[in-house]
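What follows is a set of notes on a single structure, which appears directly below.
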Amino acid sequence: MAAIDASGGKTVLVVDDDDSLRMLCRINLELEGYSVIEASSIEGAQEVLAAGSVDAILLDLHVGQGDGRQLIASLGTPRPPVALFTGSEAIGPELRSLADAVLAKPFGIDLLAETVGRLIAEAGSAGSLAP
């Protein structure tokens, strides 16, 4: 299935302590036309967000010793759309209420691109949500 082409030079922040997963996300999203910034920790993500805005965030639930829920809580509103991914917790109502999308690891490349495209398109139709 083809990804929704909503890239338009949009920037995606990928936050995960797994180097290979960040690289997989970066390469595939760059092929879709997105600019990608990587962070390997919650602190690194906070530094990126303090330095400028992003159009979407892909966030692992457990980032090293950090918790993705803490980053989401610190974003305030409005905030960029967040896709939370996890391989260690069941995806239930609590996780779904925290983020705009939740992806179970492992996830397919098509689903990754579709999710990012959808989130950015929805955010664009609702106005700018970047901080």
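The values are calculated or read from the model by the stated rules, or taken from the named source; none is laboratory data. These numbers were taken from a predicted model, which means no experiment stands behind them. Here the Cβ positions follow ideal geometry from the backbone for every residue, glycine too, while neighbour counts run over all protein chains shown.
Residues in the stretch 118-130: is at least one crowded, with 22+ Cβ neighbours inside 10 Å and under 21 Å from Arg26 (Cβ atoms)?
Yes, the stretch 118-130 contains a residue that is crowded, with 22+ Cβ neighbours inside 10 Å and under 21 Å from Arg26 (Cβ atoms).
Within the set of pairs 6 or more residues apart or between chains, which connect a residue that is within 17 Å of Leu24 (Cβ to Cβ) inside the stretch 97-110 to a residue that is surrounded by 19 or more Cβ atoms within 10 Å (Cβ to Cβ) with Cβ atoms less than 7 Å apart?
From residues that are within 17 Å of Leu24 (Cβ to Cβ), the pairs are Leu103/Ala83; Leu103/Phe85; Leu103/Thr115; Lys105/Phe85; Phe107/Phe85; Asp110/Ala3.
Do we find a residue being crowded, with 19+ Cβ neighbours inside 10 Å and either outside any loop (DSSP other than H, G, I, E, B) or out of contact with any Lys or Arg (no Cβ under 8 Å at 6 or more places or on another chain) (or both) anywhere in the stretch 90-99?
yes
Do we have Ile57 as β-branched (Val, Ile, Thr) and over 21 Å from Ser125 (Cα atoms) here?
No; evaluated as a whole, the condition is false for this residue.
Taking the condition of being part of a helix (DSSP H, G or I) and within 17 Å of Phe85 (Cβ to Cβ), how many residues in the stretch 10-43 meet it?
Count: 12.
Take the residues in the stretch 44-62 that are under 14 Å from Pro80 (Cα atoms) and in a helix (DSSP H, G or I), then tell me which one is farthest from the chain's Cα centre (by Cα).
Within the stretch 44-62, the match that is farthest from the chain's Cα centre (by Cα) is Ala50.
I'd like the residue in the stretch 84-114 that is β-branched (Val, Ile, Thr) and out of contact with any Phe, Trp or Tyr (no Cβ under 8 Å at 6 or more places or on another chain) and, out of all such residues, is modelled with the lowest pLDDT.
Step one: of the stretch 84-114, the residues β-branched (Val, Ile, Thr) are 86, 91, 102, 109.
Among the residues that remain, those that are also out of contact with any Phe, Trp or Tyr (no Cβ under 8 Å at 6 or more places or on another chain) are: 86, 91, 109.
Working: Thr86: 88, Ile91: 75, Ile109: 93.
This residue is Ile91.
Going residue by residue through the stretch 31-39, is there one that turns out to be among the acidic types (Asp, Glu) and in contact with a strand residue (DSSP E or B) (Cβ under 8 Å, 6 or more places away or on another chain)? Give the derivation first.
Restricting attention to the stretch 31-39, the residues satisfying the condition of being among the acidic types (Asp, Glu) are 32, 38.
Adding the requirement that they be in contact with a strand residue (DSSP E or B) (Cβ under 8 Å, 6 or more places away or on another chain) leaves 38.
Yes, there is a match, as at least one residue in the stretch 31-39 is among the acidic types (Asp, Glu) and in contact with a strand residue (DSSP E or B) (Cβ under 8 Å, 6 or more places away or on another chain).
Give the residue that is surrounded by the most Cβ atoms within 10 Å (Cβ to Cβ), with candidates limited to residues of the stretch 42-55 that are within 17 Å of Leu21 (Cα to Cα) and of a type in the set (A, V, I, L, M, F, W, C).
Across the stretch 42-55, the extreme among qualifying residues is Ala45.
All but one of (1) more than 15 Å from Ala123 (Cβ to Cβ); (2) touching a residue at least 40 places away in the same chain (Cβ under 8 Å); (3) basic (Lys, Arg) hold for Arg79, so report the exception by its number.
Failing condition for Arg79: (1).
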